[in-house]
Amino acid sequence: MKQFTSVHDVNNINALVAEALELKSSPYAFQELGKNKTIGLVFLNPSLRTRMSTQKAALNLGMNVMVLNIDKEGWALELQDGAVMNGTTVEHVREAAAVLGQYVDIIGVRSFPGLKNCDEDYTEQVFNKFVEYCGVPVVSLESATRHPLQSLADLITITELKTVNRPKVVLTWAPHIKALPQAVPNSFAEWMCKADVEFVITHPEGYELSEDFTQGATITHNQDEALTGADFIYVKNWSAYEPYGAVTGTHPEWMLNNEKLKATNDAKVMHCLPVRRNLELSDEILDGPNSVVIHEAGNRVWAAQVVLKQLLQSL
Ligand code: CP
């Protein structure tokens, strides 16, 4: 593996999951692989799970880790090519990324979308500048349109916990008060469409995801119908793709509760976290026996570790 920015960087997702589970059972088997190698984790946005799990994964592999909250601790970044930098920005991403690449062997980058300009976000203008200028392999820590480390952890979780060969996995939209990115649902859809699962997406009218990520999925506006017989329910809010970044309706009735679980195959409930309790997902689900959100978050370590292991082996 040369970089990890989407599912398209992976040859065989089932083999990657199997290797991740081997690392889970033997976390320190490759301590020598990362010796004298350094990863730099560059955050333009907040994080708990991605930051800590990727650090833990790197440490398990014997790597050194450096973290830069570039939005708060770095110089104000200029992202536009050709800019006359006579305003508030101090350092161009061309130099910033290239210099970071001098200090580390692998870079992880988190860069959320602005949700104002679809073309800018969906061409990954910020993230791709780091890829272009840093000169070392890049791991996505969540970009404007994708969160592949999360999706890999989700597939690891489904593989571990499934009770039937080909489980029914339902991605359901959930209510929220803010406009959230489409990165997690896009990425989850992209990975599930390649996995050996029956994959259904359900959301209110107006919350269609970009078709670039949902080819092969069954899509319905009927949540009850979608949940019937589900083995896994993946709960997530997202803002509209068209009109871009809009909250076209709040739909509180879409929040998952125990009543809705009755039609499922005792479904396990997933969420990438952080989650707003009793807005996106009810207390009774999060504190009940069907929730696997903590297990899922734990698997973020093995997702990151298998990716870093493969990148180290390609250096
Ligand atoms: N799920 C996830 O990426 O969590 P953080 O934003 O806390 O990293």
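Between the Cα long axis of helix 13-25 and the first principal axis of the chain there is an angle of about 80°, rounded to the nearest 10. Around the Cα centre of segment 150-297, unit charges on the Cβ atoms of Lys, Arg, Asp and Glu (plus for the first two, minus for the last two) sum to a dipole of about 240 debye. Summing Cβ point charges (Lys, Arg +1; Asp, Glu -1) relative to the Cα centre of the chain gives a dipole of roughly 940 debye. Between Gln31 and Lys2, the distance separating the two model label sites (each 7 Å from Cα on the Cα→Cβ line) works out to 3.4 nm.
Taking only the C-alpha atoms of segment 147-290, Rg followed by Dmax gives 13.8, 39 Å. Distant-in-sequence amide contacts of Leu256, defined by a placed amide H-H separation under 5 Å and a gap of 5 or more residues or a different chain, comprise Ser282. Projecting label points 7 angstrom from Cα along Cα→Cβ for Glu242 and Lys178 puts them 2.8 nm apart.
Counting only lysines at least 8 places from Lys24 when in the same chain, those with an alpha carbon closer than 27 Å to its own are Lys2, Lys35, Lys37, Lys56, Lys162, Lys168, Lys194, Lys236, Lys268, Lys309.
Against the chain, whose longest principal axis is taken from its Cα atoms, helix 93-103 shows a tilt of about 80°. Potential lengthening of the chain between Val84 and Asn11 amounts to 22.0 nm, from the contour at 0.36 nm per residue minus the alpha-carbon distance. Couplings for segment 123-138, taken from phi via the Karplus curve 6.51 cos²θ - 1.76 cosθ + 1.60 with θ = phi - 60°, read 9, 6, 4, 7, 4, 5, 5, 5, 4, 5, 9, 7, x, 10, x, 10 Hz in order; Gly and Pro are left as x.
Exposure proxy shown here: for Cys118, Cys272, the number of other Cβ atoms within 10 Å sets the order, fewest to most, as Cys118, Cys272. Computed from label points 7 Å out along Cα-Cβ, the spacing between Asn222 and Lys116 is 4.2 nm. Taking other Cβ atoms within 10 Å as a rough exposure proxy, Val275, Val184, Val84 sort from fewest to most as Val84, Val275, Val184.
Its Cα centre serving as origin, segment 1-91 has a Cβ charge dipole (Lys and Arg +1, Asp and Glu -1) of approximately 380 debye. For the chain, the relative contact order works out to 20 percent when only alpha carbon pairs closer than 8 Å and six or more residues apart are counted. The helix-only estimate of mean residue ellipticity at 222 nm for the chain, built from DSSP H runs of length n ≥ 4 each weighted as -39500 (n - 2.57), is -10000 deg cm²/dmol after division by the residue total. Diagonalising the gyration tensor over the Cα atoms of segment 1-78 and scaling each eigenvalue by 5 before taking the square root yields semi-axes of 26, 17, 12 Å, largest first. Enter the angle in degrees (range 0 to 90, nearest 10) between the Cα long axis of helix 148-161 and the first principal axis of the Cα atoms of the chain, meaning the one along which they spread out most. Compared with the principal axis, the helix lies near 40 degrees.
Let me know the whole percent of all Cα-Cα pairs from the chain that are separated by more than 29 Å. In whole percent, the long-distance tail amounts to 36.
Computed from Cα atoms alone, the Kirkwood hydrodynamic radius reported for segment 235-274 is 12.3 Å.
No lab work stands behind these numbers, since they all come straight from the coordinates. Everything numeric here is computed off the predicted structure, so don't read it as measured data. Glycine gets a Cβ as well: all are built from the backbone with ideal geometry, and neighbour counts include every protein chain shown.
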